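Asker: Okay, handing you the structure first.
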């Protein structure tokens, strides 16, 4: 007698669809538990539309969010913010409808705070609150690194625009890699995932199945969804761990770079902190071999309708490699300086046939302390030199270098007295170096390319 279909299933050959159906309630319960555990630790930034943050330390009253959430305030020279924690009813459920946070309740629930640390290019900001509601717990940082295929849980406030708050979404890790869009000011180790995020979710927590923090939602969503796959880029927990530990940041008053370039149309890029109305002088001096042009940009500017634009602050395009200019920022934030290598002026067909060793000096009228980033094409057997000022103190200087994988890079650091503090080779061109500053003053940071044949395009951050 033929066995029935049910008989075959009963002997262990269950169809995949039925197996999944049996397991769905358990999976949904796990998702619900992550949300129930973490949602009360999340906050709503309500003063300019909608954004999100998460409590990472109860004793220090620290809220972590994305830098672009508080960027407008910082650019105007302000650090004050207000947040509202997710409210929980008597049954332990998070209140997710917007009327629960209406005007009068908003006045009562709002907690003031101030931005105590921010990093424009890592898109992270740290808020210190005046108080934390009784019973609210901090979210722990994950000890295990996320891997492709892992589950991802996200909480944010994008549904504010449709009447809701503290929404949840679920997805998977797509990959983890260095995410670099320097023209837009993005430069961080990223967690790419398919858990959907939208405007208003920025700064919200990205969580693993244990409800631990593995990322912060950034503004790095790519793809239109129309013929392009949408990928959300969040800031990886590795970046978060570094950010939460104070660092000895460069003091930008007198900064000098010296290096050689022979890559046509290559844009050597430098990103450094500026402050409102604090004049910046730029002085570019080449060796006369090629034509160099000098530009400076504010990539966070907006037009009179509030639309983001890239505003040109300096544009020096003479037919030489001697360019000077100044500007006074109308904002506090990060400036982008670019040096272009265009042509050999001695060649009638404008081919680039020579190397140019140039120096770029950046002088701020008043000292500004903040992270420094450089992106360079380093010629074969060449050495780039950076003269950077640091204050003395217990906080470590952190330097991270990521090359294109083609050659071995070496990092060397010398203190103001000429003593070598550090010498480290990459593996082959990825370098992570920390050191303490014992003597305040100008330190020389050098990056060498040990290949006799190939240039290396690398990005270095000092933060």
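Asker: Please state the shape class of region 348-452: rounded when a/c is under 1.5, otherwise prolate if a/b exceeds b/c and oblate if not, all from the C-alpha gyration tensor.
Answerer: oblate
Asker: Calculated FRET efficiency, residue 134 and residue 302, Cβ-Cβ r, R0 30 Å, to nearest 0.05?
Answerer: Approximately 0.15, to the nearest 0.05.
Asker: Would you mind calculating the gained length between residue 61 and residue 183 on full extension (0.36 nm times residue separation, minus the Cα-Cα distance), in nm to one decimal?
Answerer: Computed gain between residue 61 and residue 183 is 40.5 nm.
Asker: Another question, if that's okay. Evaluate the distance, in nm, between pseudo-label points positioned 7 Å from the Cα of residue 116 and of residue 231 along their respective Cα→Cβ axes.
Answerer: The modelled label-to-label distance comes out at 3.6 nm.
Asker: Under a plain spin-label model, where a point goes 7 Å from the Cα along Cα-to-Cβ, how far apart in nm are residue 361 and residue 423?
Answerer: Simple spin-label model gives 3.0 nm for this pair.
Asker: Can you give the angle from 0 to 90° between the axis of helix 16-38 and the longest principal axis of the chain, with both taken from C-alpha atoms, to the nearest 10?
Answerer: Helix 16-38 sits at roughly 70 degrees to that axis.
Asker: Report the equivalent ellipsoid semi-axes for region 233-367 in whole Å, largest first, defined as the square roots of five times the eigenvalues of the gyration tensor built from alpha carbon atoms.
Answerer: Calculated on Cα positions only, the semi-axes equal 30, 18, 16 Å.
Asker: Using 0.36 nm times the number of residues separating residue 311 and residue 281, minus their current alpha carbon distance, what extension gain do you get?
Answerer: Gain in length upon complete extension: 9.1 nm.
Asker: If the chain between residue 162 and residue 36 were fully stretched, how many nm would it gain, using 0.36 nm times the residue separation less the Cα-Cα distance?
Answerer: Contour length minus Cα-Cα distance gives 43.2 nm.
Asker: Moving to a separate point now. Based on the Cβ-Cβ distance of residue 254 and residue 89, what FRET efficiency does E = 1/(1 + (r/R0)^6) give at R0 = 60 Å, to the nearest 0.05?
Answerer: 0.55
Asker: Next question, about the same structure. Ranked highest first by average number of other Cβ atoms within 10 Å, how do 143-153, 195-205 line up?
Answerer: Most protected by this proxy first, the peptides run 195-205, 143-153.
Asker: Then there's this: Using per-residue counts of other Cβ atoms within 10 Å, averaged over each peptide, order 62-70, 451-459, 331-339 from highest down.
Answerer: For the peptides 62-70, 451-459, 331-339, the packing ranking is 62-70, 331-339, 451-459.
Asker: Which one, [x] 1.12; [y] 0.97; [z] 1.05, gives Rg/Rh (Cα atoms, Kirkwood Rh) as derived from the coordinates shown?
Answerer: [z]
Asker: Return the distance in nm (one decimal) between the two label points of a simple spin-label model at residue 446 and residue 319, each offset 7 Å from Cα along Cα→Cβ.
Answerer: Here the modelled spin labels are 3.7 nm apart.
Every number in this text was worked out from the coordinates using simple rules, so none of it is lab data. Not measured: the values here are computed from a predicted model. Virtual Cβ from ideal backbone geometry, glycine too; neighbours counted across all protein chains shown.
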